[in-house]
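The values are calculated or read from the model by the stated rules, or taken from the named source; none is laboratory data. For clarity, every value in this text was computed on a predicted model and none was experimentally measured. Heads up, the Cβs are rebuilt from the backbone with ideal geometry, glycines too, and the neighbour counts pull from every protein chain shown.
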Amino acid sequence: MNRHRSLFAVLVMVVLTLVIAPLRGSADSSRFDDPDPATIPLPVLDYDDPAKAVVARVTFASRTQATVDRTSVSLQRAHTHIGDPPILKLNLTDVDGTVTDRLNAWSPLWVFSHGDTERMDVRQSGSGSFIVPFSPELSTMTITDVALNRDVVTVDVKPAIRDFCVAHPADPDCLESDLSVDAVEPTAPLFAVLGKPVAVSVTSTVSNAGPDGPADARVERTVVAGPGVTITPAAAETTDVSLAVGTPQRLAKTYSVTCTAPGAHTLDFTTSVTPKRASVIDLDPTDNRRTERLTVDCAVPVTINVQPGSARNPVNLGGSTLPVAVLTTTAGEYGNPLAFDATRIDAPSLRFGSPSLLLLGRGVPELHNRIHPEDSLERDEVRRDGDLDALTHYRPRDLALTTADTSGCVFGRFLGPNGPLSFYGCDSITVVG
């Protein structure tokens, strides 16, 4: 029996390579509800394990406090954990956070004392090496005290796996892949109206130039909105993709953008790609990130009156010149958030047409290339409010509208308090032919 226990003690010390602090005393160990060491079978070696192991050296300040000294990958097999006592539990997780294995492990605080007789003691502190089979998907190892049902420390093993694969690129568990972000392409309407959300689409292209693949990659897309504009969703989004060599993938995402102040405002869209597993080594990380800036033209909402004097606003597409009054308004009038002086319109910038055409940068220009200041009829087609509005004229009508349109709109530029700004306004119409 003594020979059996001595062999057991030697094997435990070899496997754990213990460096033990001063004894706390066997009397203290009785207060823990731990397994009886006499019932624990000897560990055995499993020669079918891969010829690599992940080694984590951990120092325990107590049963519930520990720090990681170092991690590494060894080119020797890990011993099997079958038959190990349920003193500690090793919870192994992959890069997705999924638990891939749970293994029993010996604690470096449990040691044999040699005196008149051999006995098992629980030390107050100590350090040991925890050795598990290598896996290219391995991410973390959490060490749990079973009796206390408490996690002691989580070991991040990814840096050790990455260092190993950098040093051993020909290892079959390691891949070399040149990942890159090839393009970030935001697309938006020509302008957005203050307070009215518009859709902005962004397409990111990522690829793997090899030599190894497919490689699992993690793509993160973020956006930073400058002052004067908000964007939803604003949170970063992470997507996992499998990138075959020479087969780029395009990822599309749509955002809702709302202007909160007039003028030109910016949105910065960033896409980055990184290997999902630590065992994939990116040969050139300098092209793993790309940012593209989108400038949004935030237009001031205004009120227009198509065909002043007509409430129905009939429009014959083959008719003559179409008059449209752009009204001067105060803040809050007609629900407009800002005051607008129509006499400060830049006439060459004016375009009239359906909403869809104007958002594409089309529509017809002001016929006379100038505005006609006058006190125009208001939208009720009866009242004049005494201020100067801008009467404008457009043709041909069939290049601005279709028979299906129910709105006619004006887009242009004007001189605001701090410089040129865009404006936009619509009125209901009835296309009669």
(message) Need the failing condition index for VAL202 against (1) under 14 Å from THR295 (Cα atoms); (2) touching a Cys at 6+ places or on another chain (Cβ under 9 Å); (3) crowded, with 21+ Cβ neighbours inside 10 Å, just the number.
(response) (2)
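State all residues of region 156-192 that are closer than 30 Å to ASP297 by Cα and not charged (D, E, K, R); if no residue qualifies, say none. Quick ask: steps written out before the conclusion?
To start, the set of residues in region 156-192 that are closer than 30 Å to ASP297 by Cα comprises 181-192.
Matches in region 156-192: VAL181, ALA183, VAL184, PRO186, THR187, ALA188, PRO189, LEU190, PHE191, ALA192.
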(request) Run CYS409 past the list (1) surrounded by 19 or more Cβ atoms within 10 Å (Cβ to Cβ); (2) within 47 Å of the chain's Cα centre (by Cα); (3) not in a strand (DSSP E or B) and report the number of the one that doesn't hold. (result) (3)
(message) Here is a list: PRO323, PRO348, PRO373. Which entry is farther than 28 Å from PRO189 by Cα and part of a strand (DSSP E or B)?
(response) PRO373
(message) Taking the criterion of being in the same structural domain as LEU327 (by TED's automatic domain parsing) and within 45 Å of the chain's Cα centre (by Cα), would at least one residue in region 366-389 satisfy it?
(response) no
(message) I'd like to know if region 369-377 contains one or more residues that are touching a helix residue (DSSP H, G or I) at 6+ places or on another chain (Cβ under 9 Å) and either of a type in the set (Lys, Arg) or surrounded by fewer than 17 Cβ atoms within 10 Å (Cβ to Cβ) (or both).
(response) yes
(request) State whether one or more residues within region 67-77 are at pLDDT below 95, at negative phi, assigned by TED's automatic domain parsing to the domain that holds ARG150 and touching a Leu at 6+ places or on another chain (Cβ under 7 Å). (result) no
(message) What are the pairs with Cβ atoms under 9 angstrom where one residue, in region 67-78, is under 10 Å from VAL157 (Cβ atoms) and the other, located anywhere, is aromatic (Phe, Trp, Tyr)? Sequence gap at least six, or different chains.
(response) SER72/PHE164; VAL73/PHE134; VAL73/PHE164
(request) Might you check whether a residue that is within 30 Å of PRO355 (Cβ to Cβ) and either in contact (Cβ under 8 Å) with a residue 60 or more places away in the chain or loosely packed, with under 15 Cβ neighbours inside 10 Å (or both) occurs anywhere in region 135-148? (result) no
(request) Answer yes if at least one residue in region 102-112 is modelled with pLDDT under 90 and either out of contact with any Pro (no Cβ under 8 Å at 6 or more places or on another chain) or surrounded by fewer than 18 Cβ atoms within 10 Å (Cβ to Cβ) (or both), and no otherwise. (result) yes
(request) Examine region 421-428 for a residue that is modelled with pLDDT of 95 or more and either in a loop (DSSP other than H, G, I, E, B) or more than 38 Å from the chain's Cα centre (by Cα) (or both), and state whether such a residue exists. (result) yes
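Name the residue, out of ASP96, ASP121, that is touching a Gly at 6+ places or on another chain (Cβ under 9 Å) and surrounded by fewer than 20 Cβ atoms within 10 Å (Cβ to Cβ).
Of the residues listed, the single one that is touching a Gly at 6+ places or on another chain (Cβ under 9 Å) and surrounded by fewer than 20 Cβ atoms within 10 Å (Cβ to Cβ) is ASP121.
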(message) For a quick check of your reading of the model, give me the residue pairs whose first member lies in region 307-333 and is at positive phi, whose second is of a type in the set (D, E, K, R), with beta-carbon atoms closer than 6 Å and at least 6 apart or on different chains.
(response) GLY309/GLU381
(request) Considering (1) surrounded by 13 or more Cβ atoms within 10 Å (Cβ to Cβ); (2) under 14 Å from THR328 (Cα atoms); (3) not polar (S, T, N, Q), say which one ARG384 fails and leave the rest. (result) (1)
(message) Take the residues in region 271-288 that are out of contact with any Leu (no Cβ under 9 Å at 6 or more places or on another chain) and buried (at least 19 other Cβ atoms within 10 Å of the Cβ); name whichever of them is modelled with the lowest pLDDT.
(response) LYS276
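Please tell me if ALA244 is within 13 Å of the chain's Cα centre (by Cα) and more than 25 Å from GLY412 (Cα to Cα).
Values: within 13 Å of the chain's Cα centre (by Cα): no; more than 25 Å from GLY412 (Cα to Cα): yes.
Against the criterion (within 13 Å of the chain's Cα centre (by Cα) and more than 25 Å from GLY412 (Cα to Cα)), ALA244 does not qualify.
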(request) Pick out the one residue from THR329, THR291, THR295 that is of a type in the set (Val, Ile, Thr), more than 14 Å from GLY412 (Cβ to Cβ) and buried (at least 20 other Cβ atoms within 10 Å of the Cβ). (result) THR329
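If I filter region 302-321 down to residues being out of contact with any Pro (no Cβ under 7 Å at 6 or more places or on another chain) and at pLDDT 95 or above, which single residue comes out as farthest from PHE423 (Cα to Cα)?
Of region 302-321, the ones out of contact with any Pro (no Cβ under 7 Å at 6 or more places or on another chain) are 302-306, 309-321.
Keeping just the survivors that are at pLDDT 95 or above gives 302-306.
Numbers: VAL302: 7, THR303: 10, ILE304: 11, ASN305: 15, VAL306: 16 Å.
Once the filter is applied, the top-ranked residue is VAL306.
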(message) Can you list the strands (runs of 3 or more DSSP E) lying wholly within region 242-286 that have 2 or more residues being hydroxyl-bearing (Ser, Thr, Tyr) and in contact (Cβ under 8 Å) with a residue 24 or more places away in the chain?
(response) 249-259, 263-275
